[in-house]
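The values are calculated or read from the model by the stated rules, or taken from the named source; none is laboratory data. Model, not experiment: these values are computed from the prediction. Glycine also receives a Cβ, built like all others from the backbone with ideal geometry; neighbour counts cover every protein chain displayed. Heavy atoms of the whole protein, side chains included, go into the accessibility calculation; ligands, DNA and RNA do not. Shrake-Rupley method; radii C 1.70, N 1.55, O 1.52, S 1.80 Å.
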Amino acid sequence: TPGIGEDEIDDGPKDRRPMRRCIVSRQSLPAEDLLRFVRAPDGQVVLDIKRRLPGRGAWVQARREAVEIAVKKNHFARAFKTATRPAPDLGEVVRDQLAASALGALGLERRAGRLALGFADCEAVLRKGRAALLLHAVEAADDGIRKLDQAAYGGGSRVFVSRAFTAQELSLAFGRGNVVHAALEVSPGSGAVLARCRLFDEYLGQRDLAREAAGRTE
């Protein structure tokens, strides 16, 4: 076409998400769906939660069972091409680190006044269509979950529902006793917080359960 150079046309939209290969499954997956680990000088295997630590990285699908298989079957040593000493309970260590990362971000939102706590306040945020994330503690009653989920999805909203944290974890993070429901409001920073919660849910295998409870699939 006259006047159009090769650098000005394309063949349509492309998936530009970076891909990495899981050392357990050997599948190439979007980096956002994997965890990066590095080897410390003493041979310990360390989760690089912000993906910024220097050195060779080993990527594992963000599932607890995948991390545990990597430890059990010595996948880290093969990935780093040298002896490693991953903690026997690395799966649990990673679980706690991911939880702390998500809860820390949620705590900042709470202090900024963008996180509602308790059934009534959560329902109000949901009914107004202002929620990005709905949290139910593991111990939350089925009736409360059902009613808030209906409020979250009654208008076809894209609210993400999580049931991965315990009431104790939520209560400690937010400085209030017996927290079983919380709702995060949409804000410029809510996407980053939501990503941390999604990763934690994915790690525990809770993400599909949340979608089923909401009555939708991707």
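Brief remarks follow.
- Theoretical FRET efficiency, 1/(1+(r/R0)^6), r = Cβ-Cβ of Asn178 and Glu32, R0 35 Å, to 0.05: 0.55
- Estimated 222 nm signal from helices in the chain, with DSSP H stretches of n ≥ 4 weighted -39500 (n - 2.57), rounded to 500: -12500 deg cm²/dmol
- Accessible surface of the chain [probe 1.4 Å, protein heavy atoms]: carbon and sulfur percent: 49 percent
- Amide H partners (placed H, <5 Å) of Ala87, local residues excluded: Val45
- Potential lengthening between Asp96 and Ala195 on full extension [0.36 nm per residue; Cα-Cα distance subtracted]: 34.0 nm
- Environment charge of Val94, counting only residues whose C-beta is closer than 13 Å and scoring Lys/Arg +1, Asp/Glu -1: -3
- Long-range amide H partners of Met19 with built H, under 5 Å: Ala31
- The length gained by stretching the chain between Arg127 and Val186 to full extension, at 0.36 nm per residue less their Cα-Cα distance, is 19.9 nm.
- Under 5 Å between amide hydrogens, built in the peptide plane, is the criterion, and for Phe165 it picks out Val138 among residues at least 5 positions away or on other chains.
- Eligible lysines near Lys128 by straight Cα distance, threshold 29 Å, same-chain separation 8 or greater: Lys147
- Mean Kyte hydropathy of -0.5 or more with a Cα span along the axis of at least 20 Å, helices from DSSP in the chain: 90-111, 190-204
- Across the chain, Cα pairs under 8 Å and at least six residues apart give a relative contact order of 18 percent.
- Length added when fully stretched, Leu108-Met19, from 0.36 nm per residue minus Cα-Cα: 29.0 nm
- Å² per residue, accessible surface of the chain at 1.4 Å: 56 Å²
- Dipole of the chain, positive end: most advanced residue of Phe200, Gln97, Val186 [Cβ charges, Cα centre]: Gln97
- Rounded to the nearest Hz, the phi-derived 3J(HN,Hα) couplings of the stretch 17-34 under the Karplus curve 6.51 cos²θ - 1.76 cosθ + 1.60 (θ = phi - 60°) are 5, x, 10, 9, 9, 6, 6, 8, 7, 6, 8, 8, 9, x, 4, 5, 9, 10, where x marks glycine and proline.
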